[in-house]
Every structure is written in structure tokens, then in C-alpha cells.
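Engineer: Take this structure first; my questions come after.
The values are calculated or read from the model by the stated rules, or taken from the named source; none is laboratory data. Everything numeric here is computed off the predicted structure, so don't read it as measured data. Ideal geometry is used to build each Cβ from the backbone, glycine not excepted, and the neighbour counts take in all protein chains shown. Please note that ligands, DNA and RNA were not included when accessible areas were found on the heavy atoms of the full protein model with its side chains. Shrake-Rupley method; radii C 1.70, N 1.55, O 1.52, S 1.80 Å.
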Amino acid sequence: MKFETLAIHKGNLITDKNKPVVQPITLSTTFEHGNEAGALYTRASNPNRSALEEVIAALEKGKEAAAFSSGNAAGTAVYQALEPGSHIIAPDDMYHGLHNSMTMLFKGIHEVTFVDMSNLEAVKAAIKPNTRLFWVESPSNPLLKITDIRAISALAKAQKALLACDNTFATPVFQNPLLLGADIVMHSSTKYFGGHSDILGGALVTKETDDFWAKIRTVQRVGGAVPSPADCYWLTRSIRTLAYRMKGHAEHAMILAEFLSNHPKVEEVFYPGLKSHRGHEIAAGQMSGFGGIVSFTVKGGAAEADDVVSKLHLFANATSLGGVESLIERRAAVEGPDTLTPPNLLRVSVGLEHTDDLLEDLDQALS
Ligand SMILES: *Cc1c(COP(=O)(O)O)cnc(C)c1O
């Protein structure tokens, strides 16, 4: 089955004799012993969570998925499942929440080297005998840097280490890291999976149900950072339209990126769909679309960038991304003093409003 069909028909668990067309929400935290499905207690498993995991695994072409209560909980589960003393190679522009997870929660437990993952020589130079995990985020946040997932996979295999890929920006509509050599895929389902800025969630998907995956399942069940049945239901529901939303987001992002590229007040535009983007060729070789996030720098500095944001009407000045509504944010202001992000950079999560209205609003705010 094709992506659109899987998104609609997988993970729709009907147990009711009345045969409703959509799955019921099973709120019960406990289940009678000896039931057919073997359900016991909702922290360990729940029908709505199983349904969500089934559809996410199918869309990412994996064996199984594990759903978590946030993207950070999903990423953190990978670091928890590693043997203590492992060395991790991670991007220097990693999503700051997971960067914080590594540096704040695993200090003294694991060792981390942050490098520019788009520079293969730098990645090779960072490898140590105890390197157990390569963490990739492509496109990255907020510069939309592209990492060659196949090339990093070859390095990871030679090192007998795992390759995990944060696929939140690309989504499985445009990129399947497991088919490019990754072992684990991570998602913040808060973003495009949810798609309406009203659900917090995360997921991991595995290529193999091996020993490492068994540890991930233990972290999920014992750690207990699991989503509620209702959140699982709403996520499954949102995923039904993921393919169509992503096509819209990417089409709109390209239109905005081209408009901004030709605007005299704009210094530089970062969008992997633009031929001028440094990672365009690698992106075209591993993605079937370029996603819905566009970053750009405004001529001048932070004050000029803030001025643009304050004049916009349709773009909410808010963090996060992936919803139907357009959002804009000056990233350096939220990432703190250690950030590598230019102070005049604005990140746009391009929404599904009509692009005529979006361009008109941007044009008046920039002039
Ligand atoms: C938001 C985000 C996360 C963290 O997800 P939460 O659901 O906020 O915990 C991780 N990676 C990327 C790329 C993100 O955008």
C-alpha cells in the first residue's frame, strides 16, 4: 500500500461489535486478566497506543514503533538505553532540548562530542573506540543543514555503532532514514504528526527488534513517559492527513523561500529546496520533498529582525513548528547565549494559509 493509504487504514483498531468506522478511545488503565489481547495495564500497553505505534512503524518502513509523551522523552530513551560510558557523536546544531538532555541528564554517564555532521571529515575525526551512537538531524534546526545519512551510516557500521536520526523536520512523507541505513528514527510528534499545535508527543521507530530495541521498550514501560490514550487517538487521527498537509507545507515553503530570496531586505535564505542551498544536492538524493521550514536572515541585526516579527499579522511569534498556522521566531533569542544561530535569523514554520496572504503580510512587514 502507498503512504496515503497506510496513513488512513493502519492503526485503526476496531473491537466494538457495532463496528464503528473509527477506533474507540480505551480510557481504562487496567484490563481483566486472561483477556484475548493480553492487555494488562496502560503504562505497559494500551489499544490506542498500539494503534498509533502500528501506523508510525508502517509509515517509517520500520519493524516497530514506541510512542512517548514527548519528543524529548523519545530521544532521551535512546540515551537511557545505551551502556553507561558510551561515546555519542551528535550535531553541533542539535535541537537544543535534546542537546540539553545529553549535557544535563547524562553528564558523567555518557561522553558526547558535538560536531558539524555535514562535514564527514570532522565526524570521522570525532570517532573514539567507545563510540556507540551517531545522532543525526537532517534537515537541522534552524539552519536546515543537510547530513548525508548514507555516508554516516557507513561510518556507524564500520564502528559497530548505532545510527539514530531525528526525522521531525522531514517526516516520513519526504524521508525514510531506515531505508538510508539508520537503525532508529526519532520523531517529535508534537510537530507535523500532530499538525495542529495541540498535542505533545514523541516516537521511536526501529529497523530491527533486536536487544537494543528491547531496552528501549523497557525504558518506555518502566520509565513510564507514555502518552495518554486520548493523545494517541488524536495523533492517529492527525496522521491520516499527514501526506496532504506535508505536500501543502512544502509547496508553500518553496514559494516563500523564492519570494524572500528576491527581497532586498533579506540577507540570506536557508531552505534545502533552493538550488543555492549548500546541502541541496544531498537533500535531493535522500528526500522526496524539502519540508515546510524556511529560515532567513534580515539585513541589519537582531533589532531589525524583531521589527519584522512585530509587524506581521498572520505569523504568530511563537516557538514550535509543524502546525497548519504559520509561526515565526527569532531563534537566537530562545536558544540562549551559547547558540551558533545568527542573531538576525528568523525561522518560519510555513503554514497552510493561502500563500497570497502570507506573501502580502511578509512584504508589508519587510518594507
Ligand atoms: C520539538 C523537537 C524535538 C523535541 O520534541 P518535544 O515534543 O518538544 O519534546 C526534538 N527534535 C526536533 C527536531 C524538534 O523540532
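Engineer: From the square roots a ≥ b ≥ c of the eigenvalues of the alpha-carbon gyration tensor of the chain, which class results: rounded (a/c under 1.5), prolate (a/b over b/c), or oblate?
Structural biologist: Note, shape of the chain comes out oblate.
Engineer: Let me ask something else about it. Angle, helix 355-366 long axis vs. longest principal axis of the chain, Cα atoms, 0 to 90°, nearest 10?
Structural biologist: Approximately 50 degrees, to the nearest ten.
Engineer: How much length is gained on full extension from Arg150 to Asn100, taking 0.36 nm per residue of separation minus their Cα-Cα distance?
Structural biologist: 15.3 nm
Engineer: Follow-up question, since we're still on this one. Relative to the Cα centre, what is the charge dipole magnitude of the chain, using +1 at the beta carbon of each Lys and Arg, -1 at the beta carbon of each Asp and Glu, and rounding to the nearest 20 debye?
Structural biologist: With Lys and Arg at +1 and Asp and Glu at -1, about 1100 debye.
Engineer: What GluC sites (Glu not before Pro) in segment 16-111 are in a loop by DSSP, with at most 13 other Cβ atoms within 10 Å of the Cβ?
Structural biologist: Those that pass, being in a loop and sparsely packed, are Glu32, Glu36.
Engineer: Here's something else I'd like to know. Expressed in nm to one decimal, what extension gain is obtained for the pair Asp92 and Asn119 from 0.36 nm per residue of sequence separation less their Cα-Cα distance?
Structural biologist: Taking 0.36 nm per residue and subtracting the Cα distance, the gain is 8.6 nm.
Engineer: Continuing with the same structure: Using a Förster radius of 30 Å, what is the FRET efficiency between Asn18 and Lys63 based on their Cβ-Cβ separation? Nearest 0.05, please.
Structural biologist: Computed FRET efficiency for Asn18 and Lys63: 0.35.
Engineer: Please give the helix 71-81 orientation as an angle from the longest Cα principal axis of the chain, in degrees from 0 to 90, rounded to the nearest 10.
Structural biologist: 60 degrees
Engineer: Further question on the same structure: Could you work out how far the C-alpha centroid of segment 14-35 sits from that of segment 290-367, in angstrom?
Structural biologist: If we compute the Cα centre of each part, the gap is 44 Å.
Engineer: Accessible area per residue for segment 242-366 in Å², computed with a 1.4 Å probe and the full protein assembly in place, what is it?
Structural biologist: Value for segment 242-366: 43 Å² per residue.
Engineer: A follow-up question, please. Once amide H atoms are built 1.01 Å from N in the peptide plane, which residues 5 or more positions from Leu82, or in another chain, come under 5 Å H to H?
Structural biologist: none
Engineer: Further question on the same structure: I'd like the trypsin sites (Lys or Arg not before Pro) in segment 100-198 restricted to DSSP loop residues with at most 10 other Cβ atoms within 10 Å, sorted by number.
Structural biologist: Sparse-neighbourhood loop trypsin sites (Lys or Arg not before Pro): Lys160.
Engineer: Counting only other residues whose beta carbon sits under 9 Å from that of Ala67, what net charge do I get with K and R as +1, D and E as -1?
Structural biologist: Summing Lys and Arg as +1 and Asp and Glu as -1 gives -1.
Engineer: Here's a follow-up. Where does helix 302-311 land angle-wise versus the long Cα axis of the chain, in degrees 0 to 90, nearest 10?
Structural biologist: 80 degrees
Engineer: Would you mind computing, in nm to one decimal, how far apart the modelled labels at Lys160 and Glu268 are, each placed 7 Å from Cα along Cα→Cβ?
Structural biologist: About 4.1 nm, to one decimal.
Engineer: According to a simple spin-label model (label point 7 Å from Cα along Cα-to-Cβ), what is the distance in nm between Glu208 and His9?
Structural biologist: Roughly 3.1 nm, to one decimal.
Engineer: Further question: Give a residue-ordered list of calculated ³J(HN,Hα) values for segment 16-31 (Karplus: 6.51 cos²θ - 1.76 cosθ + 1.60, θ = phi - 60°; whole Hz; x for Gly, Pro).
Structural biologist: 5, 5, 6, 6, x, 7, 10, 5, x, 8, 9, 7, 4, 7, 9, 10
Engineer: On to the next question. Determine, for segment 1-123, the count of lysine pairs separated by eight or more sequence positions (or lying on different chains) whose alpha-carbon distance falls under 18 Å.
Structural biologist: Pairs that pass both the separation and distance tests number 6.
Engineer: For Val226, list long-range residues whose amide hydrogen, built 1.01 Å from N in the peptide plane, is under 5 Å from its own amide hydrogen.
Structural biologist: Here Ser69 satisfy the definition.
Engineer: Taking a cut-off of 16 Å between Cα atoms, list the aspartates and glutamates near Lys160, but don't count ones fewer than 8 places away on the same chain.
Structural biologist: Result set, ordered by chain and number: Glu83, Asp183, Glu208, Asp210, Asp211.
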